[in-house]
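**Student:** Take a look at this one; I'll ask things after.
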Amino acid sequence: MIKIDNLKLSKENKDILSEYKIELTAIKLKKIDTTVESYIEDIYKYLEYIEEKKHINSALNINEEDIIDYLTYLDKNNYEKTSIVRKIVSIKLFHKYLSEKYHIEDISIKIDKPRVRRKLPNILSIEEVDNLLDIELNNAFDYRNKAMLELMYSSGLRVSELVDLKLKDIDLDNGYVKCFGKGNKERIVPVGELAVEYLKKYIYEYRDSMKKGYYTENIFLNNHGKRISRQGFFLIIKDIAKQKNIDKNITPHMLRHSFATHLLNNGADLRTIQEMLGHSSITTTQIYTNVSTDILKENYELYKRRD
């Protein structure tokens, strides 16, 4: 937590920042504390620059040109676009507050946020997915891993949703799982036949031998008989990819991205994919249309070279 009294700022700016933090905390009581801390951190860095480079010791004396100078400084020092956008949001919120509290002009009103092109998700080809999921089955851990990967790819679950699954959340007879996504929103998603097959195999034949005397409703267990962690799953998928000589920086989320992209490429509509992924807004899902367009273009270029 930032202690404003210890910051290298003028007394006036410390007082302004302290009052602003109280105001922010009151407004954002329903949000996590790190949100307020992030805003304060952004404004501290901003005021620090203004004091050191512009020799202005009061936030009330900053003008629009000073803001632009600071943003130019960030850009020249190779700050990420997303980081700059966040700082602009913080600065605009701060100057709006100053305008309302001290009855001065909001000098940030003409400062626009730059458009940030969302980074396209990395995906695996169908062949790479097949290779990753082609696990040699010798013991309970192999069957657990096979069941986890098949389930994740066939349903598009987030890693947190996968490791939190409990026995009561899964309907193997009808091929559905119930999961709780962001904001604890419940959704029910279908599961592919192959995933159902290996889930049955793991749950009915191997899971009990992994419990180590513990009682848990969680489906996927670690070598101590407890719920597998997200970090544990991450290490598992990394290890399998290494064994398979897959020359990509594989992450668990890549299976979710691949699931969505492959569905879209095979004719599924965006609304269906949105529901399955648990996206609150379809604009989030639309990023996969860009991936599919890129793949189409690559295939077309390949076709032209062969022509």
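**Student:** Could you run through the stretch 266-288 and say how many residues are out of contact with any Phe, Trp or Tyr (no Cβ under 9 Å at 6 or more places or on another chain) and in a helix (DSSP H, G or I)?
**Tutor:** 10
**Student:** Could we say that Ile236 is assigned by TED's automatic domain parsing to the domain that holds Tyr153 and assigned to a loop (DSSP other than H, G, I, E, B) here?
**Tutor:** Judged against the criteria, Ile236 is not a match.
**Student:** Tyr79 - would you say it is under 31 Å from the mean Cα position of the chain (by Cα), within 21 Å of Lys11 (Cβ to Cβ) and hydroxyl-bearing (Ser, Thr, Tyr)?
**Tutor:** No: the conditions fail for Tyr79.
**Student:** What is the residue count in the stretch 236-264 for residues that are over 17 Å from Glu127 (Cα atoms) and either over 15 Å from the mean Cα position of the chain (by Cα) or exposed (fewer than 13 other Cβ atoms within 10 Å of the Cβ) (or both)?
**Tutor:** Selection size over the stretch 236-264: 3.
**Student:** Still on this structure, please answer the following. Could you tell me whether Leu157 is in the same structural domain as His279 (by TED's automatic domain parsing), touching a strand residue (DSSP E or B) at 6+ places or on another chain (Cβ under 8 Å) and within 21 Å of Glu275 (Cβ to Cβ)?
**Tutor:** Yes; evaluated as a whole, the condition is true for this residue.
**Student:** Same structure, new question: When only residues in the stretch 199-223 that are touching a strand residue (DSSP E or B) at 6+ places or on another chain (Cβ under 7 Å) and either of a type in the set (D, E, K, R) or not assigned by TED's automatic domain parsing to the domain that holds Asp164 (or both) count, which is farthest from Ser154 (Cα to Cα)?
**Tutor:** Restricting to residues being touching a strand residue (DSSP E or B) at 6+ places or on another chain (Cβ under 7 Å) and either of a type in the set (D, E, K, R) or not assigned by TED's automatic domain parsing to the domain that holds Asp164 (or both), the top hit is Lys211.
**Student:** Among Gly267, Gly278, Gly232, which is surrounded by fewer than 13 Cβ atoms within 10 Å (Cβ to Cβ), small (Gly, Ala, Ser) and either closer than 27 Å to Val177 by Cα or at pLDDT 90 or above (or both)?
**Tutor:** Matching residue, one of Gly267, Gly278, Gly232: Gly267.
**Student:** Could you check, for the stretch 103-117, whether at least one of its residues is surrounded by 22 or more Cβ atoms within 10 Å (Cβ to Cβ), at pLDDT below 90 and not in a helix (DSSP H, G or I)?
**Tutor:** no
**Student:** Which residue, of Ile67, Ile27, is surrounded by fewer than 14 Cβ atoms within 10 Å (Cβ to Cβ) and either closer than 13 Å to Tyr97 by Cβ or not basic (Lys, Arg) (or both)?
**Tutor:** Matching residue, one of Ile67, Ile27: Ile27.
**Student:** State yes or no: is Lys168 loosely packed, with under 12 Cβ neighbours inside 10 Å, touching a residue at least 24 places away in the same chain (Cβ under 8 Å) and closer than 24 Å to Met254 by Cβ?
**Tutor:** It is false that Lys168 is loosely packed, with under 12 Cβ neighbours inside 10 Å, touching a residue at least 24 places away in the same chain (Cβ under 8 Å) and closer than 24 Å to Met254 by Cβ.
**Student:** Next question, about the same structure. Return yes when Glu136 is under 30 Å from Leu270 (Cα atoms), outside the structural domain of Thr25 (by TED's automatic domain parsing) and modelled with pLDDT of 90 or more and no when it is not.
**Tutor:** no
**Student:** Considering (1) loosely packed, with under 15 Cβ neighbours inside 10 Å; (2) outside any loop (DSSP other than H, G, I, E, B); (3) in contact (Cβ under 8 Å) with a residue 40 or more places away in the chain; (4) among the charged types (D, E, K, R), say which one Glu100 fails and leave the rest.
**Tutor:** All conditions pass for Glu100, except number (3).
**Student:** Pairs needed: first member in the stretch 208-231, on the phi > 0 side of the Ramachandran plot; second member anywhere, outside any loop (DSSP other than H, G, I, E, B) and of a type outside the set (Val, Ile, Thr); C-beta distance under 8 Å; at least 6 residues apart or different chains.
**Tutor:** Gly225/Met210
**Student:** Is at least one residue of the stretch 171-186 out of contact with any Cys (no Cβ under 7 Å at 6 or more places or on another chain), in a helix (DSSP H, G or I) and among the hydrophobic types (A, V, I, L, M, F, W, C)?
**Tutor:** no
The values are calculated or read from the model by the stated rules, or taken from the named source; none is laboratory data. The structure displayed is predicted, hence computed values, not measured ones. Glycine also receives a Cβ, built like all others from the backbone with ideal geometry; neighbour counts cover every protein chain displayed.
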